[in-house]
Each structure stands twice: as structure tokens, then as C-alpha cells.
Amino acid sequence: MTEAALRVIGTSVTLHESVQKLAVRDLDFPIAFEVLDGLTCQQRGVTQPETYDVYDQWFHSVDLLWTAGSIQSIDTAQVHLWDNLSPLTRSVNSKSEEKGTRPVDVIYVQPNNALGSEYSEKISMLPTTFNVDSFAYVADSANTSLPKEESWSWLLDDCWHGHARVSRDPASSVIELALAATSAGLMDAENVGDLSIEEVDILFDILMKYKKKGHFNKSWTSHEESVRQFMLPSTLIGSLWSPAYYEAKGLGRNLKYACPKEGYRGWHSGLCLSAVLSAEMHEKSYDYLNWWLSGVPGAIMARQGYYMSVIEPMMRTLSEEEWDFWYGGRPAAKDLISLHGETAVFKGETRPGGSYENRISGIAAWSTIMNEHNYIVRRWREFLD
């Protein structure tokens, strides 16, 4: 009789073929990855917990799954390296001025079964991969009329008319465009991480004007699609994730990754357990969760520009040159190769934003599901369509 596979749903951010092969090798049981786009994965996670054992996605979506009763709590006593996790997710020392959904705000299961930041031995999601994002632009196309400092407002500057692109994920893009509109002086917002209905309408009135005059020419859903779009001559600026930036640059596109003066958009992903997880899959699921902190998958993530919630095992898995570039912010001592076999980083190159500490300290807002999420999604679809 064939052994049942552990079913993992998520996105291409973490569910690489190389990750799956190494997990099967190390854990010695079948593991089936189902790669979905972010919104489809979130919808499946909320509405169909019987179709997966492990959910691999964003922290800012975990409250939706928890409220729907689609996931169960994780016992930190069964997480071998729990005490080694980054303070970014385990404590409230994160800067209070950061907007959006900080992971620590939704990680601990409270006595009343709500999610919060007060410590508990039960958590909603095991933190794994995270990063800070901004936008990329074609270096030799930047207009001299632009403000000297890189700014989110660049996304709305007329010098990029007809050549700007955005991600189709509202949880990230609405924050980025709110930062752009406020930085450009087009609107005021009390909290870009939780817009009121009135602020949502003001923002989308602005965005619809830009859309109608052709400022935004396309949008992307996945890593692969974003790389294809940024390789086109018609794309000069837009939201971009770290692996796509390094892949497009390695393919010859003369891109720069912005370090906005306002700060980055942060995000964190992790692993959840289905509320209807079978007894057969319970031990395998915890084995898989613990494997993610073992260093092997963290090194794969690091080679794309992502960070990991447990650093020490991953640091031992990377070469000294890789560690110095991706985490230390030092110039690359040699060419660094991507997961696809091309040169991702050239000798002498320095990571935009510098070291891990410098980049993480520059978070302006976290990706989030705002209180007016349903209304935002309606307006977002109107904007995209």
C-alpha cells in the first residue's frame, strides 16, 4: 500500500522543487507540494482545510484562517528550535511605529482563543521566511527631475507614465500605493496599514485617475510572471520581490532595487496546521515544521534574498561568501549563483540596503489584511479591471 503524502499548499515563494526534494530526502516520507497564487492559496486555506495538512503562506492572512476555524494551534514544546527564533516574531520589541500586521501581534493563542502578542505556548503559525520589499526600476531610465532620494512616490511620478507595474496582491500593493500617494503629497492617511473607508476612497480615486491615463500598464501575480514583465522594454518601474529582482538582473536587465526614504514594506511567512489534520499526519507535520528550521531550506531561501526566523543552522549551511553578502551587507567576494544556475550576484556587488540589521530596522509597514479588507478588495478589483 502506498504511503500517503503530507499535503502542503503555498506559493512559489517557498514551495520550490528543490525544497521538496530535500525535505523528502531528509524526512523519508512522501511530501506533495501544491503551488498556488497568493489569493487562491488564502481562499483555499480558509474554506477547504480538508484539502491540505500544512498551509504555507503569509502571517497577515493567519487571522482569517484562525477566525474561520480552518487551522489549529501549534504546540511550541514540539518545535525543537523555538527558543532560537528571531525576536522579530517572538517578542513585542519591534518598533511600535511600524504599521500593518506585525507577526508578533497575531502569533500567540490567548486564553480567550483570540490571537495576540501576549506570550503563550500555543501559536497560530510557525514563523519561517521573511523579508523587506520595495520596488525596482531600470537604472538608466530614472529622470533627473525625480527627487534625489529614492521614495515610494516614484511609483506615481509622471516620468514613468505607461511603464509602471504593480503586484495583484492587495495586502501588499495597497500599502505600497498608500505610501506612494502620501509621500507624493496626494493624500493624508492616519495609518497606511489600516485605512478608513474614506481614506480608501481617496486613494482609489487617485489610482483610478492614474490607471485611466495609462500610467500602470500591467500587473503581475507570481514570481515567474514578474520576471517576464520586468524583462520587457515597456517595464521601467514597479513592485518586485527579491528573487525576481536578482533573476531579472542576472538575465541582463539593468535594474536597481530601491531603498525608499520612508522605509520598506515588511512581510513574514510561516506554516500552519490544518484544523482537520489526521492522526496519521500529525507527527509528519511536526517533523516537517521542524525541518524548516534545520538550516537546509533556510539556505535555499537566503540564496534568493530572503531571511529566516532561525539563523544559526542556516548560517552554517551557507558559504562564508554567501553569508557576508546576504546577511552581512558586505561586497560579494565572488560571483554568487542563483537556484537556476545563473549568476545572481556579481563579484564586488553590495546588497541594496546593506546588512540584515540595517534592512530590518527600516520597515515602515507590514503587509496586512486591513479592517476594511472586503471593501478594499472590491475597489482593488475595480482598479485592476
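At q = 0.14, 0.27, 0.34 Å⁻¹, what is the base-10 log of I(q)/I(0) for the range 286-328 according to the Debye formula with one equal point scatterer per Cα and no solvent? Please give it to two decimals.
Each listed q maps to, in turn, -0.27, -0.88, -1.27.
How do 360-370, 60-70 rank on mean C-beta neighbours within 10 Å, highest first?
The densest-packed peptide leads the list: 360-370, 60-70.
Can you spot the lysines whose alpha carbon is less than 30 Å from LYS99's alpha carbon? Ignore those fewer than 8 places along the same chain.
Partners found: LYS122, LYS148, LYS209, LYS211, LYS212, LYS218, LYS256, LYS261.
From the phi of every residue in the range 214-230, what ³J(HN,Hα) in whole Hz does the Karplus formula 6.51 cos²θ - 1.76 cosθ + 1.60 yield, where θ is phi - 60° and glycine or proline is x?
x, 5, 9, 9, 7, 9, 10, 10, 10, 3, 4, 5, 5, 5, 4, 5, 6
Counting only heavy atoms of the protein chains, get the accessible area per residue of the chain (1.4 Å probe) and round it to a whole Å² value.
Each residue of the chain exposes 41 Å² on average to a 1.4 Å probe.
If every alpha-carbon in the chain counts as one equal scatterer, what log10 I(q)/I(0) does Debye give at q = 0.09, 0.10, 0.13, 0.14 1/Å?
Debye intensities relative to I(0), on a log10 scale: -0.51, -0.63, -1.10, -1.28.
Amide H neighbours of ILE71 under 5 Å, at least 5 residues apart or on other chains, H built in the peptide plane: list them.
Distant-sequence amide H within range of ILE71: ALA275.
Given a 1.4 Å probe and every protein chain left where it sits, what share in percent of the accessible area of the range 261-351 is carbon and sulfur?
So the carbon and sulfur contribution to the accessible surface is 50 percent.
Give me the one-decimal nm value for the distance between modelled label points at ASN84 and LEU64, 7 Å along each residue's Cα-to-Cβ direction.
For ASN84 paired with LEU64, the spin-label model returns 3.3 nm.
In what order, largest first, do GLU98, GLU118 sit by accessible area if the probe radius is 1.4 Å?
GLU118, GLU98
Based on alpha-carbon positions alone, could you give the equivalent ellipsoid semi-axes of the range 216-375 from the gyration tensor, as √(5λ), descending, whole Å?
Square roots of five times the eigenvalues give 28, 23, 17 Å.
Given a 1.4 Å probe and heavy atoms of the protein chains only, how would you sort THR2, THR128, largest accessible area at the top?
Highest to lowest solvent-accessible surface, that is THR2, THR128.
Using Stokes-Einstein with the Kirkwood hydrodynamic radius over Cα pairs, what translational diffusion coefficient do you get for the range 266-354 at 10 °C and a viscosity of 1.306 mPa s, in µm²/s rounded to a whole number?
Here the translational diffusion coefficient equals 109 µm²/s.
Can you send over the solvent-accessible area of PHE33, 1.4 Å probe, protein chains only, in Å² to the nearest 10?
Its heavy atoms expose roughly 40 Å² to the probe.
With θ set to phi - 60° and the Karplus curve 6.51 cos²θ - 1.76 cosθ + 1.60, what are the ³J(HN,Hα) couplings of the range 313-319 in order, to the nearest whole Hz, using x for Gly and Pro?
x, 5, 4, 6, 7, 7, 6
First compute the accessible area of the range 63-181 with a 1.4 Å probe, then give the percent of it belonging to carbon and sulfur atoms.
In the range 63-181, the share of accessible area belonging to carbon and sulfur is 45 percent.
I need the Debye-formula profile for the range 153-246: one equal scatterer per C-alpha, no solvent, reported as log10 I(q)/I(0) at q = 0.19 1/Å, two decimals.
Here the Debye-derived log intensity ratios amount to -0.89.
Which order do peptides 379-385, 180-186 fall in by mean Cβ count within 10 Å, highest first?
With the highest mean Cβ count within 10 Å placed first, the list reads 180-186, 379-385.
Return the calculated 222 nm mean residue ellipticity for the chain, to the nearest 500 deg cm²/dmol, obtained by summing -39500 (n - 2.57) across DSSP H runs with n ≥ 4 and dividing by the residue count.
-9500 deg cm²/dmol
Averaging sequence separations of C-alpha pairs under 8 Å and six or more residues apart, then dividing by the length of the chain, give the relative contact order as a whole percent.
Worked out over the chain, it gives 23 percent.
May I ask you to compute the full-extension gain from GLU34 to GLU118, defined as 0.36 nm times their residue separation minus their alpha-carbon distance, rounded to one decimal in nm?
Going from the current span to full extension adds 26.9 nm.
Build a GNM of the chain with springs between Cα atoms under 10 Å: which of SER172, SER219, SER274 gets the top mean-square fluctuation?
SER219
Which net charge results for the neighbourhood of GLY45, defined as the other residues with beta-carbon distances under 14 angstrom from its beta-carbon, given Lys and Arg at +1 and Asp and Glu at -1?
That works out to -4.
Compute the distribution of all C-alpha to C-alpha distances in the range 108-183, in bins of 5 Å from 0, and list the percent of pairs in each, rounded to whole numbers.
Per 5 Å bin, starting at zero, the Cα-Cα P(r) for the range 108-183 comes out as 3, 12, 18, 16, 12, 10, 9, 7, 7, 5, 2, 0 percent.
Normalise the Cα radius of gyration of the range 213-282 by 2.2 N^0.38 Å (N = residues in it) and let me know the number.
Computed over Cα atoms of the range 213-282, the ratio equals 1.59.
What whole number of Å gives the distance from the Cα centroid of the range 309-353 to the Cα centroid of the range 140-213?
For the range 140-213 versus the range 309-353, the Cα centre distance is 32 Å.
Once amide H atoms are built 1.01 Å from N in the peptide plane, which residues 5 or more positions from ALA344, or in another chain, come under 5 Å H to H?
Long-range HN contacts for ALA344: LEU336, ILE337, SER338.
For a quick check, take a GNM of the chain with Cα springs below 10 Å and name the residue from ALA189, ALA136, ALA299 with the largest mean-square fluctuation.
Most flexible of the set in this elastic network: ALA189.
Please say if the range 1-153 is rounded, prolate or oblate, where rounded means a/c under 1.5 for a ≥ b ≥ c the square roots of the C-alpha gyration tensor eigenvalues, and otherwise the choice is prolate for a/b larger than b/c and oblate otherwise?
Since a/c reaches 1.5 but b/c is at least a/b, the shape of the range 1-153 is classed as oblate.
The values are calculated or read from the model by the stated rules, or taken from the named source; none is laboratory data. Being a predicted model, the structure only gives us computed values, none of them experimental. Every residue, glycine among them, receives a Cβ derived from its backbone with ideal geometry; neighbour counts consider all protein chains shown. Just the protein is used for accessible areas: all its heavy atoms, side chains included, with ligands, DNA and RNA removed. Shrake-Rupley method; radii C 1.70, N 1.55, O 1.52, S 1.80 Å.
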